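Participant: Dumping the structure here so I can ask a few things about it.
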Amino acid sequence: MTPRQTGLMLLMMTAVNWGATWPVLKFLLTELPPLSMRALGSGTLAVLLALGAMAFRISLHVPPAQRRRLVLYALLNITAWMAFGTLALRWLSASEAAILAYTMPVWAALFAWPILGEKPGPARLAGLALGFGSIIVLFAGRGVELGLAKLPGLLFILASALLFALGAVLSKRRPLVLHPITALAWQMAIGCVPMAVLAPLLESFHPALVTPPVWFWFGWFMIFSMGLSYLTWFGALARLPASTAAIGTLLAPVLSVLGAGLFLGEPLGWREALALSGTLAAVALAVGVRDKPR
């Protein structure tokens, strides 16, 4: 299997896991407060990854030259994406949050041009337009209102998308020269700190009141949506152009709506089918492009 094929496989795994995020997250937020949930999940995952690294004798040492870069990527890829995206759900519905969060490929493609020199060609531009248009079709007519009452949520979710896109492009330009487990463990550990500090100030959390089904799905969410998906995402990013990898994630919001329809009883009809077809076509256009060597 070529690096490109491996990257595409990892990208699809990322999209599926991220696609499951929103329905599961919507369910978890019925009993778990957003920042506490994210801080607990990323902190616990950091400990598990560190223990796994030690068990398999993977070094957790970070060379001094990479430490500042590691902190920056943790704040962009973990703190901003998780905290801002989840806080936005206080003002936005899950559907509104999903469509706005996955404007991320637009920002990544734009950042990749000046930072990486990845000038988008006609096929990638067409894929980007088709994919983004498919998401608009998906949510058209759902009564999405982004007035002043929802302005804080809009700002939070756009900040989440912009900063995660910037982190993806910067990670492509100057990748961390660390074992993937080491890089993820430290990013989870560093990224959870701001959320853990803010959580007690903004919300109340009573673990004893959380029911067993919610704890079960929280464990699933932590392992797959928060853990495995980051490993596959960074793996895809290392093997594919940043803009191609970002466009591939457009599958995630469509899968989110399909999952919400199947498991949460949300609407699932012609709009969802049309958006899914358009997004698949967009991904095919994007990943079918081979960048010229620079």
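Here, each number is a calculation from the coordinates, and none is a lab measurement. Bear in mind the structure is a predicted one, so any value in this text is a computation, not a measurement. Because the Cβ atoms are built from the backbone with ideal geometry, glycine has one as well, and the counts that use them run over all protein chains shown.
Participant: When ranked by the protection proxy of mean other Cβ atoms within 10 Å per residue, highest first, what sequence do the peptides 121-133, 58-70 form?
Facilitator: Answer by packing, highest mean first, reads 121-133, 58-70.
Participant: Could you give the DSSP H helices of the chain that reach 30 angstrom or more along their long axis (alpha carbon positions) and whose average Kyte-Doolittle hydropathy is no lower than -1.0?
Facilitator: 3-28, 34-55, 151-173, 180-202
Participant: Please name whichever of Pro23, Ala236, Leu162 sits farthest to the positive end of the charge dipole of the chain, dipole taken about the Cα centre and charges placed at Cβ: Lys and Arg +1, Asp and Glu -1.
Facilitator: Sorting the options by dipole projection puts first Ala236.
Participant: Going by the alpha-carbon gyration tensor, a ≥ b ≥ c the square roots of its eigenvalues, is the chain rounded (a/c under 1.5) or, if a/c is not under 1.5, prolate (a/b greater than b/c) versus oblate?
Facilitator: Working: a/c = 1.58, a/b = 1.03, b/c = 1.54.
Oblate, since a/c reaches 1.5 and b/c is not below a/b.
Participant: Still on this structure, I have one more. Compute, for segment 3-287, the length of the dipole vector about the Cα centre, with Cβ point charges of +1 (Lys, Arg) and -1 (Asp, Glu) only. Units Debye, rounded to 20.
Facilitator: Charge dipole of segment 3-287: 880 debye, to the nearest 20.
Participant: Could you please state, rounded to a whole Å, how far the C-alpha centre of segment 195-254 is from the C-alpha centre of segment 1-48?
Facilitator: Cα centroid of segment 195-254 versus Cα centroid of segment 1-48: 3 Å apart.
Participant: Using the Cα centre of the chain as origin and beta-carbon charges of +1 (Lys, Arg) and -1 (Asp, Glu), tell me which of Val71, Phe84, Pro200 is placed farthest towards the positive end of the dipole.
Facilitator: Comparing the listed Cα positions along the dipole, Val71 ranks first.
Participant: Tell me, Lys150, Lys119 in order of fewest to most beta-carbon neighbours within 10 Å? Present the calculation step by step, with values, prior to reporting the outcome.
Facilitator: Details: Lys150 18, Lys119 13.
Exposure proxy ranking, most exposed first: Lys119, Lys150.
Participant: Summing Lys, Arg as +1 and Asp, Glu as -1, what charge do residues with Cβ under 13 Å from the Cβ of Leu89 carry, Leu89 excluded?
Facilitator: With Lys, Arg at +1 and Asp, Glu at -1, the net is +2.
Participant: Over the chain, how many pairs of lysines fall under 28 Å by alpha carbon, counting only those 8 or more apart in sequence or from different chains?
Facilitator: Lysine pairs, 8 or more places apart or on different chains, close enough: 4.
Participant: Note the full-extension length gain between Met54 and Phe263 as 0.36 nm times their separation in residues minus their Cα-Cα distance, in nm to one decimal. Write down the numbers at each step before the final one.
Facilitator: Details: separation 209, 0.36 × 209 = 75.24 nm, distance 3.79 nm.
Computed gain between Met54 and Phe263 is 71.5 nm.
Participant: Please sort by residue number the chymotrypsin sites (Phe, Trp or Tyr not before Pro) in segment 78-120 whose DSSP state is loop and whose Cβ has at most 14 other Cβ atoms within 10 Å.
Facilitator: Of the chymotrypsin sites (Phe, Trp or Tyr not before Pro), not one in the loops of segment 78-120 has a Cβ with at most 14 other Cβ atoms within 10 Å.
Participant: Hey, another quick one. Taking +1 at the Cβ of each Lys and Arg and -1 at the Cβ of each Asp and Glu, which of Phe263, Gln5, Leu151 sits farthest along the dipole of the chain towards its positive end, judged by Cα position relative to the Cα centre?
Facilitator: Checking the options against the dipole of the chain, the answer is Gln5.
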